[in-house]
Amino acid sequence: MSSCCACFVSLREKCPRPHGLINLLITKACMLALLFGVLWAVTGNECLPGGKVFGIIIIFISAVLGGRLLGLVRLPRLPPVPPLLGMLLAGLVLRNVPYITDAVYVDAAWSAALRNMALSVILARAGLGLDPAALRRLKAVCVRVAVGPCVLEACLVAVVSHFLLKLPWAWGFMLGFVLAAVSPAVVVPSMLLLQKEGYGTEKGIPTLLMAAGSFDDILAITGFSTCLGVAFSTGTTWMNVLKGLLEVVGGIVSGLVVGVFLCLFPSVDQEDLVMTRTFFLLAFSIFSVFFTHVIGSSGAGGLCTLVLAFLAAVGWGADKAAVAAMLARCWDVFQPLLFGLIGAEITIATLSISTVGLGIAVISLGLLVRLLATFLLVHCAGFVLKERLFIAIAWLPKATVQAAIGSKALDTARDEGDEAKIQFGLNVLTLAVLAILITAPIGALGIGLAGPRLLTRQVKASETGGGVTSQSVQDPVTFESRL
């Protein structure tokens, strides 16, 4: 045995071993082959073309590759194109290319379940990411930027879609809140890039937009959840509204109870504390979304998840960072699934040209109102004309929330089997996808182009030989003083 080991060591030292790109490619290829082999051994024909597992795997791999390829597109002095756009397009292509569509079959129930799990992860991250200290400070401009444009855009979209697309009022407001949410996946990386270069930092504009983005999304999700409960309720209008309000209250109360539990269990003296906390947070979040869907109160699940995650974050204090990091790793898996599956829900051949045209008109009118509202609401916040214009432009892109909740109404309608509601759900999903395709790239490029031209740059000490200067003379109004 010892001689065999010596021969093996000698052979290993003499033979060249692959490194770098070659090693990486061989490793990834073997991982994929092994994964396929294991799945085939477990599921049999379901892992072959036309099977349920095969479709999910192909969509996931295609979405990852689409996101990576689009992420490679880099333009000088511009933020990167959001990878999520490549993931969405990958699913759209797989769904609409002949022959490939037949091989890449995705079961509707599996797709809905995976998208709901992705929604749970998004909501948990949103609740965990809220800063209690910022909540105490937030008033005036930040509240106006978070609330005003969202509510005004949702209301306008509801009215216009009611008359143009013939959506019932509850569905119109549901669509309004779906389209009204701004995308942190686009805004945050763009703001971080500008902040790194010193643009707008003197007046805290990147900080303002990143902080307000979370509250804008939570408001949109809350409004959507309430309208979802109303749209699928039976009875009189007042009873439907009352049921929607009860779902909001029930979701908040349930979230408070579970949040207190997460603050107490597990205790800090237990082993694998971060892993256990992450498990509890994810399990409760997924259970809340699915359980409320089963009992017919879909609107309560999202609110419950947001509240329990926020309360858990308050109880964990600085330790929440480790849990947030693990949730980010989970999101790396669910993000390609979410956007790939959303893209795969859209069949271009079945789309009505009039629906797409009217949908683009609805989206455009909503964006116009959002631009004007944002520009006016920051008028008395100490910003000059160029800065107000930039904030309005930066508040346009939409992506993550639209993908997360855009198909929720369609899934609920399919469970009920109501053809009219299924069509309404398809309209909501179609407009959500159109909003992502239109606003995500335009928003990212608009921020990258407008930032250096409209914002004052604060030059670092290393660039000036000592001290910090600004490239233009403006009254220094700090972010903290305005809050």
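So with the 1.4 Å probe, I'd like the accessible area per residue for the chain, rounded to whole Å².
It amounts to 47 Å² per residue over the chain.
Could you check how much of the accessible area of the chain is carbon and sulfur, as a whole percent, using a 1.4 Å probe?
Of all accessible area on the chain, carbon and sulfur atoms account for 71 percent.
Treat every Asp and Glu Cβ in the stretch 266-366 as -1 and every Lys and Arg Cβ as +1, leave all other atoms uncharged, and give the resulting dipole magnitude about the Cα centre to the nearest 20 debye.
Computed charge dipole of the stretch 266-366: roughly 260 debye.
Determine the calculated [θ] at 222 nm for the chain from helices alone, applying -39500 (n - 2.57) to every DSSP H run no shorter than 4 residues and normalising by the residue count; nearest 500 deg cm²/dmol.
That calculation yields -25500 deg cm²/dmol at 222 nm.
With a ≥ b ≥ c taken as the square roots of the eigenvalues of the C-alpha gyration tensor of the stretch 317-468, please select rounded if a/c is under 1.5 and otherwise prolate if a/b is larger than b/c or oblate if it is not?
It is oblate, given that a/c is not under 1.5 and a/b is not larger than b/c.
Report relative contact order for the chain in percent, whole number only (criteria: Cα-Cα under 8 Å, sequence separation at least 6).
24 percent
Below 17 Å Cα-Cα, how many Lys pairs turn up in the chain? Only count pairs eight or more apart in sequence, or on different chains, if you could.
7
The values are calculated or read from the model by the stated rules, or taken from the named source; none is laboratory data. It should be emphasised that the depicted structure is a prediction, and the values quoted were computed from it without experimental measurement. All Cβ positions, glycine included, derive from the backbone under ideal geometry; neighbour counts span all protein chains shown. Surface areas here come from the heavy atoms of the whole protein model, side chains and all, with no ligands, DNA or RNA. Shrake-Rupley method; radii C 1.70, N 1.55, O 1.52, S 1.80 Å.
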